[in-house]
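> Sharing a structure below in structure tokens format, with a few things to ask.
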Amino acid sequence: VHGAHGAVYDAQDPVIDRRVAIKTVPLAAADDAEGAAELARFKREAQAAGRLHHPNLVGVYDYGETETLAYIVMEFVDGTSLKALLDAGERLPPAELVRVMQAVLAGLQYSHERGVVHRDIKPANIMLTRDRQVKIADFGIARIESSSMTQAGTIMGTPAYMSPEQFMGQTVDARTDIYSSGVVLYQLLTGERPFDGSMATIMHKALNTVPPPPSRLS
């Protein structure tokens, strides 16, 4: 699968005979500031996820670089994302919805206790395996508390799920992930996001308004 900044390959590890996913990004030219920032985010994903071992987090096995690209070898998740389910109009029954959110929050609590904030919780980053196990993916913009690569003053994330402090460019902590999880829960309950529109519209609404109660929509 090729994305905006690289590719993800379905692969087989021949040494221990297991299916894995390999995520790659091109190495930046020496004068490419944007490419260097992308590579720094990619390394941070490997750092963050590599120190986390939890059943509700996608496992990371290895990080490396060739002459032309950097790569992460990850657990292969055989399943789909919450985004794909929502896009297909599928609604989870209340009991299943509660189970999914409990698993998301369990994975986040584990990562927060180890100093890692995900920063981009959204339906596309919440996977459901074929046996309905919940996995949080993509710690690519995570902030590690012990890292010097903090992101204060930089807006990163997906607008509809971003917290007010992210819009204001403030340094974020675990509360940002809880806020974004609340937006996901709202969408799972109602089929709609609490704030929608352009980046500027979402930012204004998130900073200044209260969304309608889910009960009004569903």
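The values are calculated or read from the model by the stated rules, or taken from the named source; none is laboratory data. Fair warning: this is a prediction, and the values are worked out from it, not measured in the lab. Please note: Cβ atoms are built from the backbone with ideal geometry, for glycine as well, and neighbour counts cover all protein chains shown. When the accessible area is computed, the model is the full protein with side chains, heavy atoms only, and any ligands, DNA or RNA have been set aside. Shrake-Rupley method; radii C 1.70, N 1.55, O 1.52, S 1.80 Å.
> Once you have a ≥ b ≥ c as the square roots of the Cα gyration tensor eigenvalues for segment 152-218, tell me rounded if a/c is under 1.5, and otherwise prolate or oblate according to whether a/b is larger than b/c.
Values: a/c = 2.32, a/b = 1.63, b/c = 1.42.
Since a/c reaches 1.5 and a/b is larger than b/c, the shape of segment 152-218 is classed as prolate.
> Separate question: Could you look at the chain and say what percent of its accessible area is carbon and sulfur, using a 1.4 Å probe and all protein chains? Kindly include the intermediate steps, with their values, before the conclusion.
On the way: 6050 of 11160 Å².
Answer for the chain is 54 percent, counting heavy atoms of protein chains only.
> With the cut-off at 1.5 for a/c, could you classify the chain from its C-alpha gyration tensor as rounded, prolate or oblate?
Oblate.
> Based on C-alpha coordinates, I'd like the Rg and Dmax of segment 13-52, in Å.
Taking only Cα atoms of segment 13-52, I get Rg and Dmax of 13.4, 40 Å.
> Quick one: how many lysine pairs in the chain have C-alpha atoms under 23 angstrom apart, if they're 8 or more apart or on different chains?
Summing the qualifying lysine pairs gives 11.
> Excluding residue 112 itself, what net charge comes from residues whose Cβ is under 9 Å from its Cβ, given Lys and Arg +1 and Asp and Glu -1?
On the way: positive: 114; negative: 113, 173, 177.
Within the 9 Å Cβ shell, the charges total -2.
> Right, another one. Once label points are set 7 Å from the Cα along Cα→Cβ at both residue 91 and residue 192, what is their separation, rounded to one decimal in nm?
About 1.3 nm separates the two model spin labels.
> Add -39500 (n - 2.57) for each DSSP H run of 4 or more in the chain, then divide by its residues: what number comes out at 222 nm, to the nearest 500 deg cm²/dmol? Display every interim value, and only then the final one.
Details: 7 runs with 79 residues, N = 218.
Taken over the chain, the calculation gives -11000 deg cm²/dmol.
> Counting heavy atoms of the protein chains only and a 1.4 Å probe, report the per residue accessible area for the chain as a whole number of Å².
On the way: 11160 Å² over 218 residues.
Solvent-accessible surface per residue comes out at 51 Å².
> Rounded to the nearest 20 Debye, what is the dipole magnitude of the chain about its Cα centre when Lys and Arg each give +1 and Asp and Glu each give -1 at the C-beta? Mind showing how you got there, number by number?
Values: 21 positive and 26 negative charges, 157 e Å.
Magnitude of the dipole: close to 760 debye.
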